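Structure, as structure tokens:
The values are calculated or read from the model by the stated rules, or taken from the named source; none is laboratory data. None of these values were measured; they are calculated from a predicted model. Here the Cβ is made from the backbone with ideal geometry for all residues, glycine too, and neighbour counts use every protein chain on show. For the accessible areas, the whole protein counts, side chains as well, though only heavy atoms, and no ligand, DNA or RNA atoms are used. Shrake-Rupley method; radii C 1.70, N 1.55, O 1.52, S 1.80 Å.
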There are 2 protein chains.
Amino acid sequence: MGNSEQTFKKILEVAYVMFSENGFDKTSLSMIAKEVGISKPAIYYYFQSKDQLIEYLFEEIYKEIKLEITFNYTDISKDNLIQKLLEIGYMSIEQQEKDIHFNKIFNQYMLLASRDEKYMKRLLELQACFLDGFYDLLKYAVQIEAICDSNIKAKAHMLAMVYDNIGNFMLTGIELDYKEIWQEAVDSVFREQKGKI
Amino acid sequence: MGNSEQTFKKILEVAYVMFSENGFDKTSLSMIAKEVGISKPAIYYYFQSKDQLIEYLFEEIYKEIKLEITFNYTDISKDNLIQKLLEIGYMSIEQQEKDIHFNKIFNQYMLLASRDEKYMKRLLELQACFLDGFYDLLKYAVQIEAICDSNIKAKAHMLAMVYDNIGNFMLTGIELDYKEIWQEAVDSVFREQKGKI
DNA sequence: GTCTATAATACGATAGAC
DNA sequence: GTCTATCGTATTATAGAC
């Protein structure tokens, strides 16, 4: 790896951590440069502007999320479906215990999206992919007769909301039994329905 | 209402909307003053600093949330418990359809909390109150034999997470059947458990 | 109470040397 | 590629007149 590429990556790494800790506005390019060990104008050799640095970071995060929420169907059967679904949640919980910066910075992009069409468009893509992912998984479960076909869409979206919000709750530092909560959510989907209210 | 009090309230109202739309950092006191129809220094007659204005707004929002998540038990019976629980969610959904600013600004305080102990402390109070609220409600449901006592805590926290995240999803503008999702969540709690996985 | 004027500071970004 | 020096601008906040 050349010196140039090394500096480029270092800027991204430092920006990722500092933006997540202090927010975009409260993290100046001077602060980033100081932490990287270069001068402020040096950043402009790699990025046209602060906004472009923020945008570049977003695309990296976008790719990572896209990868995380794309489920692999090849090894799912009627016998291991529940276990697989549980593991999807467990993995997310464990990942977020390791990297607290990820969710923090992502929430900032969510706020950015509400006043910038460009980010909103990309986030809606992710969200649709995320919601459809759970929906498709439950539709597949119906197909292999692992679950009965009642209210599949609402069930899928409920799962997505629990899955998604666990990360937000973890961010506050409150210690809940997140795995048990996810277990309860998954369990409820596969629980037989006795009578409608 | 005196002129002074009127200006004070106007500043708060304008700040509430502008902060939620542009964020704290991207909303300057000049912008607020212009919208209110006064000069920037006039704001300093009512608030010591921008931070104090932000803090004052938080306390108002804190009170409102505290009120919203404090459930009323007096009229809950075995027969209407499910209906009451459903209505709790419906009310929240309808309220958020009306005031989109509320959740937007609240999310900003969540981010602020991650780098300011003062806000973190208050938000943890709210969150504990929120989670305990659902837990207490389900404990009460067990007491009046409207539900069996299995995994009550996880069920309550799952409900809380769905309830809470509906607002975040609504913020993105994605149109889901939120009432049906909440229905599914409530329904799942009262669904009979057949066998443990 | 509200104003005009201004201080003090920090930021994003650029110019130009090396 | 990276630096020093600097520009232009915006911000929070204050001083002091009315």
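Taken together, A:Asp116, A:Asp25 contain a single residue that is within 14 Å of chain B (Cβ to nearest Cβ), within 12 Å of DNA strand D (Cβ to nearest atom) and either open to solvent by less than 70 Å² (accessible area, probe 1.4 Å) or among the aliphatic types (A, V, I, L, M) (or both), which is A:Asp25. When each of B:Leu111, B:Leu138 is tested for being touching a residue at least 40 places away in the same chain (Cβ under 8 Å) and surrounded by 19 or more Cβ atoms within 10 Å (Cβ to Cβ), the lone residue that passes is B:Leu138. Yes or no: A:Lys155 of a type in the set (Lys, Arg) and farther than 19 Å from B:Arg191 by Cβ? Considered against the rule, which asks whether it is of a type in the set (Lys, Arg) and farther than 19 Å from B:Arg191 by Cβ, A:Lys155 comes out as no. Between B:Ala42, B:Ala15, the distinction of being in a helix (DSSP H, G or I), within 30 Å of A:Phe19 (Cα to Cα) and within 14 Å of DNA strand D (Cβ to nearest atom) belongs to B:Ala15 only.
For segment B:55-73, the criterion of being open to solvent by less than 20 Å² (accessible area, probe 1.4 Å), more than 16 Å from DNA strand C (Cβ to nearest atom) and without any contact (Cβ under 8 Å) to a residue 60 or more places away in the chain is satisfied by at least one residue.
Residue-by-condition table, conditions (1) touching a Phe, Trp or Tyr at 6+ places or on another chain (Cβ under 8 Å); (2) more than 30 Å from A:Ala33 (Cα to Cα):
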{"site": "A:Phe47", "(1), (2)": "yes, no"}
{"site": "A:Glu68", "(1), (2)": "no, yes"}
{"site": "A:Tyr73", "(1), (2)": "yes, yes"}
{"site": "A:Leu86", "(1), (2)": "yes, yes"}
{"site": "A:Tyr90", "(1), (2)": "yes, yes"}
{"site": "A:Lys98", "(1), (2)": "no, no"}
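Within segment A:28-39, if we keep just the residues that are away from chain B (no Cβ under 14 Å) and part of a helix (DSSP H, G or I), the residue that is surrounded by the fewest Cβ atoms within 10 Å (Cβ to Cβ) turns out to be A:Ser30. When B:Gln48 is tested against (1) away from chain A (no Cβ under 14 Å); (2) part of a helix (DSSP H, G or I); (3) within 11 Å of DNA strand D (Cβ to nearest atom), only condition (2) is not met. Against the criterion of being among the hydrophobic types (A, V, I, L, M, F, W, C), at pLDDT 95 or above and open to solvent by less than 40 Å² (accessible area, probe 1.4 Å), B:Met18 qualifies. Residues that are open to solvent by less than 20 Å² (accessible area, probe 1.4 Å) and either among the small types (Gly, Ala, Ser) or facing chain B (nearest Cβ under 7 Å) (or both) within segment A:174-188 comprise A:Ile181, A:Glu184, A:Ala185, A:Asp187, A:Ser188, listed in sequence order.
Do we find that B:Ala160 is away from chain A (no Cβ under 12 Å), crowded, with 21+ Cβ neighbours inside 10 Å and touching a Phe, Trp or Tyr at 6+ places or on another chain (Cβ under 9 Å) in this structure? Spelling it out, it is not the case that B:Ala160 is away from chain A (no Cβ under 12 Å), crowded, with 21+ Cβ neighbours inside 10 Å and touching a Phe, Trp or Tyr at 6+ places or on another chain (Cβ under 9 Å). Within segment B:162-181, residues that are under 23 Å from B:Glu21 (Cα atoms) have Cβ atoms under 7 Å from residues that are open to solvent by 20 Å² or more (accessible area, probe 1.4 Å) and assigned to a loop (DSSP other than H, G, I, E, B) in these pairs: B:Phe169/B:Leu176; B:Leu171/A:Ser114, counting only partners at least 6 apart in sequence or on another chain.
Consider A:Lys9 carefully, then state whether it is within 14 Å of chain B (Cβ to nearest Cβ) and either within 14 Å of DNA strand D (Cβ to nearest atom) or touching a residue at least 60 places away in the same chain (Cβ under 8 Å) (or both).
no
Among the candidates B:Asp51, B:Asp25, single out the residue that is within 16 Å of DNA strand C (Cβ to nearest atom) and in contact with a Lys or Arg (Cβ under 8 Å, 6 or more places away or on another chain). Step through it out loud before you land on a result.
Working: B:Asp51 fails: in contact with a Lys or Arg (Cβ under 8 Å, 6 or more places away or on another chain).
None of the others qualify; the one that does is B:Asp25.
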